[in-house]
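One structure is given below, encoded as structure tokens.
The values are calculated or read from the model by the stated rules, or taken from the named source; none is laboratory data. A quick note: this is a predicted structure, and the numbers were derived from the prediction, not measured. For neighbour counting, all protein chains shown are included, and Cβ atoms are generated from backbone atoms with ideal geometry for every residue, glycine included.
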Amino acid sequence: MSAARPARGGVPLYHQIFLTLRDEIVTGTRPFGSIMPTEHELAERWSVSRITTRRALDELAESGLVERRRRIGTRVIFEAPSAPIEANLEQAVEALLAFGHRTKVRVLSVEDALADGESAAALGLAPGQPIVVAVRVRLLDGEPLGEVTSQVPSAIARGQIDRAALAERPILAVLQDLGHRITGGRQTITALSADPYLSARLAIEPRAAVLRIERIVTGDGGAPILRTVASYRADRYRISLDLQSGI
């Protein structure tokens, strides 16, 4: 069996194995100091040749995730710089504000735009009404954590949502400063694979797992005041939901 034989999507088998093992390492499933399976064990697991698994392990070593030593085996040498950041869905507004303050932000753009059908429906607007669209990259320990796109009706933004404001404060805090009371919202979470554009922004492999979080925040009367669509690296971000007794 050839080590370079491509599978679905044209991704070589050795690289698919590399991506799976890499995710197991960076998420802590295979912790620092643990011994990796042998080439033979991995070949049996994936029903491939040892040439294929050897190439996958070599790629892990080239990425600085493992150390390969003759007669000892392959040992994990990756240590996560920090625990994955958590977003707690209990006490949501406070948690989101705290999340914004714990991370750094790089503002990519803040532009006036006209709502298309999707954003108009989410924000309770008619298509073509003016909105403000802000795109940022959130950073944790200096490394990309996620790309965030926020949309706010221009009537809500009042000309006060700009690069300077978003470089200093979370967008929820900016809205509160403008006198908007946050009364509720809804959140949808899906798992996706990063396309080449997103993988470049987040410094991850193409097809790596990301969490897509769409959040609609409502104000007085239940009217939407903010739509945010964020794509977070699955190896650096997780969601915690507190279930109270009696549920």
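Can you confirm whether the range 159-177 contains a residue that is over 21 Å from VAL132 (Cα atoms) and exposed (fewer than 15 other Cβ atoms within 10 Å of the Cβ)?
As a first pass, look at the range 159-177 and keep what is over 21 Å from VAL132 (Cα atoms): none.
Among the residues of the range 159-177, not one is over 21 Å from VAL132 (Cα atoms) and exposed (fewer than 15 other Cβ atoms within 10 Å of the Cβ), which makes the answer no.
Need the failing condition index for PRO127 against (1) touching a strand residue (DSSP E or B) at 6+ places or on another chain (Cβ under 7 Å); (2) modelled with pLDDT of 90 or more; (3) within 25 Å of GLY222 (Cα to Cα), just the number.
Every listed condition holds for PRO127 apart from (1).
All but one of (1) surrounded by fewer than 18 Cβ atoms within 10 Å (Cβ to Cβ); (2) within 21 Å of the chain's Cα centre (by Cα) hold for ALA155; which doesn't?
Answer for ALA155: the failing condition is (2).
Have a look at ALA113, ALA120, ALA87 and point out the one that is outside any strand (DSSP E or B) and either modelled with pLDDT of 90 or more or not aromatic (Phe, Trp, Tyr) (or both). Let's see the steps before the verdict.
Numbers: ALA113 fails: outside any strand (DSSP E or B); ALA87 fails: outside any strand (DSSP E or B).
Every option except ALA120 fails the conditions.
Residue by residue through the range 199-227, note down the ones that are within 15 Å of ALA157 (Cα to Cα) and not charged (D, E, K, R).
VAL217, THR218, GLY219, ALA223, PRO224, ILE225, LEU226
When the residues of the range 99-110 are filtered to those that are of a type in the set (Lys, Arg) and within 15 Å of LEU166 (Cβ to Cβ), which remaining residue is modelled with the highest pLDDT? Spell out how you get there, then give the answer.
Narrowing the range 99-110 to residues of a type in the set (Lys, Arg): 102, 104, 106.
Checking the rest, the ones that are also within 15 Å of LEU166 (Cβ to Cβ) come to 104, 106.
On the way: LYS104: 87, ARG106: 93.
Out of the qualifying residues, it is ARG106.
Only one residue in GLN187, GLN176 is without any contact (Cβ under 8 Å) to a residue 12 or more places away in the chain and assigned by TED's automatic domain parsing to the domain that holds ASP141, so which one is that? Before the answer, list the steps.
Numbers: GLN187 fails: without any contact (Cβ under 8 Å) to a residue 12 or more places away in the chain.
On inspection, the qualifying residue turns out to be GLN176.
Just for strands (runs of 3 or more DSSP E) wholly inside the range 140-241: which have at least 2 residues that are of a type in the set (S, T, N, Q)?
In the range 140-241, the matching strands (runs of 3 or more DSSP E) lie at 143-153, 184-193, 224-233.
Could you pull out the residue among ARG71, ARG30 that is part of a loop (DSSP other than H, G, I, E, B), at pLDDT below 85 and among the charged types (D, E, K, R)?
On the way: ARG30 fails: at pLDDT below 85.
Checking each option against the conditions leaves just ARG71.
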